[in-house]
Amino acid sequence: IIKKKVELNDSVSPGDVILIIERPELEFAIQEMKFSIKRLKQKKALTYSGNSNNYSINKKADKLAVLRLKEEIKETNKNIVFFEKRISQEKELIEKGLITYTEYVDTQTKFSALKTEKISLEEQLNIIILDREERNFDLNIIENDISTQLLILEMKLADLIKDYKFQTEVTAKKAGTIRSLNFKVGDVISENFVVAIIHVHETKLKDYVLN
C-alpha cells in the first residue's frame, strides 16, 4: 500500500478511493508509453519543421523556375507567330524568284526548331508542377503516418491509465462511514484481505466489509 486516502469516521460514497496499491510494472509501462509519445511528438515537430523549411526552399526554387519557363514559352510563342508570317511571306517571294530555296528552307528549319523548343519548355514546366504535387503528397503521408502512430499510442496510454486505476485504487462500493481501517501505508496485502469496514447508512444493510 502506497497511499491511504481516508481516515476513521470519514463519510464515503461509492467510487471514493480508500487506498492505493503499488503496481510498479504498470507505472513503468505508463512512463515508457509517455516517453514514446513525447519522442514521437518531437519527431513530428522536427519532421514538420524540416519539411517546412525544405518545402519553403523548394517552393521558392519552383516559383522562379516556373516564372522563367513561362517567360521563355511566351517569348517562343511570339517567335513562332513571327516565323509563321515569315514563312507565308517567303512562300510568295520564292514563287516570284525573289529569294532562294535555301533561304526558304532555313526559315522552315528555324520554325521547326522553335516548335520543338516550345514542347521541351512545356514538358519542363509540367515536370516541375508534378514534382511539387508529389512532394506535397509525400509530406502529407509522412505527417499523417506520424499522427496515426501518435493517436494509437495515446489510445494505448489511456487504456494503461484506466487499467492502472482499476488495479491500484481500492474504492468504496457503498455509501457510509468508515468504522475501521485494517492497514497502514507500506503494508503488503493479498487478495481477500479486509482493508476496511464501512457502516452503511441504509439501516437494513449490515456493515460492508471491503476486501
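The values are calculated or read from the model by the stated rules, or taken from the named source; none is laboratory data. Please read these numbers as outputs of a predicted model, since none were measured by experiment. Cβ: placed from backbone, ideal geometry, glycine included. Neighbour counts: every protein chain shown. Heavy atoms of the whole protein, side chains included, go into the accessibility calculation; ligands, DNA and RNA do not. Shrake-Rupley method; radii C 1.70, N 1.55, O 1.52, S 1.80 Å.
One table, with the values for the structure above:
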| item | result |
| --- | --- |
| Flag for GLU191 being closer than 18 Å to ILE2 by Cα and charged (D, E, K, R) | yes |
| Scope region 4-36; condition in contact with a strand residue (DSSP E or B) (Cβ under 8 Å, 6 or more places away or on another chain), exposed (fewer than 13 other Cβ atoms within 10 Å of the Cβ) and either of a type in the set (S, T, N, Q) or over 23 Å from HIS199 (Cβ atoms) (or both); matching residues | ASN9 |
| Hits in region 107-154 (condition: of a type in the set (A, V, I, L, M), at pLDDT 85 or above and open to solvent by 50 Å² or more (accessible area, probe 1.4 Å)) | ALA113, ILE119, LEU151, ILE152 |
